[in-house]
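See structure below.
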């Protein structure tokens, strides 16, 4: 098994609930190396991550491993035909109690903090007026 393929399996097995189901296929052609990842459908969300960020990070690391050997390496995550992802949650349905960005802070005013103070402080601006 090649180093890039071993790397993908090691990384993904550390992320998923069913590491025994993680399998990879490696194909080399004129475009470079393609590693196809097969995993338990229940683990798909853990490997893809929110907004695809985990999969993107894995692909980035894999390209670095490939660059070390002067090879273009790509990752394909196999999704079996007929499989379905869970229903998409709405942006507001995160299940947490926090307000997130743009909410009121504990003092009851809208965000701002340091930036709001520097904008309203005219004493430092006076010296730059023409």
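Of note:
- Residues located in region 1-34, provided they are more than 23 Å from residue 69 (Cβ to Cβ) and crowded, with 16+ Cβ neighbours inside 10 Å: 16
- Filter pass, residue 27 being in contact with a strand residue (DSSP E or B) (Cβ under 6 Å, 6 or more places away or on another chain) and modelled with pLDDT of 95 or more: yes
- Any hit, region 35-51, residues being touching a strand residue (DSSP E or B) at 6+ places or on another chain (Cβ under 9 Å), surrounded by 14 or more Cβ atoms within 10 Å (Cβ to Cβ) and closer than 22 Å to residue 70 by Cβ: yes
- Total residues in region 52-83, condition in contact with a strand residue (DSSP E or B) (Cβ under 8 Å, 6 or more places away or on another chain) and not in a strand (DSSP E or B): 10
- Of the residues making up region 84-107, not a single one is surrounded by 11 or more Cβ atoms within 10 Å (Cβ to Cβ), assigned to a loop (DSSP other than H, G, I, E, B), at pLDDT below 95 and in contact with a strand residue (DSSP E or B) (Cβ under 8 Å, 6 or more places away or on another chain).
- Selection of first residues in region 25-48 that are free of Cβ contacts under 8 Å to residues at least 24 places away in the same chain and of second residues that are surrounded by 15 or more Cβ atoms within 10 Å (Cβ to Cβ), restricted to Cβ pairs under 6 Å at least 6 apart or on distinct chains, gives the following pairs, ordered by first then second residue: 25/36; 27/34.
The values are calculated or read from the model by the stated rules, or taken from the named source; none is laboratory data. Because the structure is predicted, anything quoted here is derived from the model rather than measured. Glycine also receives a Cβ, built like all others from the backbone with ideal geometry; neighbour counts cover every protein chain displayed.
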